[in-house]
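The values are calculated or read from the model by the stated rules, or taken from the named source; none is laboratory data. Because the structure is a prediction, the values reported are computed rather than measured. For neighbour counting, all protein chains shown are included, and Cβ atoms are generated from backbone atoms with ideal geometry for every residue, glycine included. For accessibility, only protein heavy atoms count, side chains too; no ligands or nucleic acids. Shrake-Rupley method; radii C 1.70, N 1.55, O 1.52, S 1.80 Å.
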Amino acid sequence: MDFRTSSEETKTGIYLLQDGNQEPFNVRLHLAKDILTIQEQDVICVSGEPFYSSERTVTIRRQTIGGFGLSIKGGAEHNIPVVISKISKEQKAELSGLLFIGDGILQINGINVRNYRHEEVVQVLRNAGEEVTLTVSFLKKTPAFLKLPLCEDCTCVPSDQSSGTSSPLCDSGLHLNYHPNNTDTLSCSSWPTSPGLRWEKRWVDLRLIPLLHSRLSQYIPGTDICRQNAFQVIAVDGVCSGVIQCLTSEDCLDWLQAIAANISNLTKHNIKKINRNFPVNQQIIYMGWVDEREQDSLQDRMYTPKFLALRGSSLFKFSAPPVTTWDWTRAEKSFTVYEIMCKILKDSDLLDQRKNCFSLQTESGEDMFFSVELECELTLWEKAFQTATFLEVERIQCKTYACIMESHLMGLTIDFSMGFICFDAASKAVLWRYKFSQLKGSSDDGKSKIKFLFQNQDTKLIEAKELEFSNLFAVLHCIHSFFAAKVACLDPLYVGSQGAAAAAVASAPAPATCAAGTGKIKYST
């Protein structure tokens, strides 16, 4: 399948790519709405007989002014062949149509110079005569220090020959220029031996990265060390773009935000399609990649990629995005959204050099730490978690937990409309009840006990109630979720935004206003 058939190009640029242990080389990036295309330069035969070798043989003659019209860099001392670094305008090298900036010189008049040093190649070319036959091959992964121009119409002139020496890292044109005994003029004998072949330097696809469920990474894998103005994109099947090096931090951020925006739009569209198969109370609100901080700080790998999804009443943590219905049953872990606590970490709360972090405290009291690449992704997560919690509290309306008070088995109901209700587990008789507004404070021992401080509406006195729970953190988080939802529903702006989100992901009626006095959510029709 050609992923680009439906993709409109939105962004392009030329950058350095570090691919594994290879030297960095220039690539061109094309960002479309659903795919990132990485291209490399190659020399291909565009006319004549099919040519399957990557090597080309070119015969050219010196001319009176400008010599062969090319300059070279590199050499065996740099573990690369000598490379053509400049081609002068309207000189023999350019007129041949078969030589390009970036070509490595492999043979000169049949002499194998692949492993020659720069100066050795210079000497061979000096003694090559008035006509030279070069065997060349385009080096797609030319080392970055050569800084080869990307344009085919380079107008650079050969370097100064007055010094009598040449540097391996500088253009060497000494052996290519005018010779006193050379009276050559342009003639047919100076043209290549195979005029039927026509070669062109073109950008060809190196890698295609489908953006749906792809993830970005500015960090060295598993660490909190951020690369300098560089990032990589990893497709859902594990195919990696390689490390893309930008010139400035602004350019790097611009690419990150553009790619992240496209990934986000694809994810939203995918969620909408998936939700058609799920009931209203099982709608997906959020899906995306995060990096989870390992609990064991002694490990070399501090962070591991995880995929989080908010669906219905649950938060799921996967090692890979769920594709089938069966995948949802195989999550690494799942949590009830109103029984966990989410905290966006400030700079003073960060555990290391990773930015854009948040923590989740589970119903068992376990703390998990995550990071995302961009601030906009952190904002997206925070809003999604608030939306999921709000919608679930609004849906269930109340939650009851078993507890012990004064050695008696009780039940505590947290009711969205009525507040706190404590009743005898055996007789179901209500012992006391308070509205949310009557809770003036609370404290816990971090193990099982919660002490509530309620204000009596009639006497205005504070009444203390101490309850013991087997699942302390789940109760604390649930109370926090109900309070947050209560406050949210009293804020028309918040309710409006959450209603829009609910309508988008669940196709359900949107909460609009709260009835005066009761706090009960009404639905707009």
*Return yes or no: is Gln353 in contact (Cβ under 8 Å) with a residue 40 or more places away in the chain, polar (S, T, N, Q), in the same structural domain as Gln282 (by the TED database) and not in a helix (DSSP H, G or I)?*
yes
*When the stretch 107-132 is examined, which residues are found to be open to solvent by 10 Å² or more (accessible area, probe 1.4 Å), in contact with a strand residue (DSSP E or B) (Cβ under 9 Å, 6 or more places away or on another chain) and part of a strand (DSSP E or B)?*
Gln107, Asn112, Glu131
*Of the numbered conditions (1) assigned to a strand (DSSP E or B); (2) at pLDDT below 95, Phe278 fails exactly one; give the number of that condition.*
(1)
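Select, from Leu31, Leu16, the only residue that is of a type outside the set (S, T, N, Q), open to solvent by less than 50 Å² (accessible area, probe 1.4 Å), in a strand (DSSP E or B) and modelled with pLDDT of 85 or more. Please lay out each step first, then the result.
Working: Leu16 fails: open to solvent by less than 50 Å² (accessible area, probe 1.4 Å).
Leu31 is the lone residue from the list that is of a type outside the set (S, T, N, Q), open to solvent by less than 50 Å² (accessible area, probe 1.4 Å), in a strand (DSSP E or B) and modelled with pLDDT of 85 or more.
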_Answer residue from the stretch 393-409, given it is touching a strand residue (DSSP E or B) at 6+ places or on another chain (Cβ under 8 Å) and touching a residue at least 60 places away in the same chain (Cβ under 8 Å) and is surrounded by the most Cβ atoms within 10 Å (Cβ to Cβ) among those_ = Cys403
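Name the residue, out of Cys151, Cys252, Cys246, Cys226, that is at pLDDT below 90 and either open to solvent by less than 80 Å² (accessible area, probe 1.4 Å) or of a type outside the set (Lys, Arg) (or both). Break it down stepwise before answering.
Values: Cys252 fails: at pLDDT below 90; Cys246 fails: at pLDDT below 90; Cys226 fails: at pLDDT below 90.
Being at pLDDT below 90 and either open to solvent by less than 80 Å² (accessible area, probe 1.4 Å) or of a type outside the set (Lys, Arg) (or both) holds for just one of Cys151, Cys252, Cys246, Cys226, which is Cys151.
Based on what the data block shows, is Val204 in contact with a strand residue (DSSP E or B) (Cβ under 7 Å, 6 or more places away or on another chain), closer than 20 Å to Cys376 by Cβ and outside any helix (DSSP H, G or I)?
No; evaluated as a whole, the condition is false for this residue.
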*Among the residues of the stretch 82-100, which ones are open to solvent by less than 30 Å² (accessible area, probe 1.4 Å) and not in a loop (DSSP other than H, G, I, E, B)?*
Val82, Val83, Ile84, Ser85, Ile87, Lys92, Ala93, Ser96
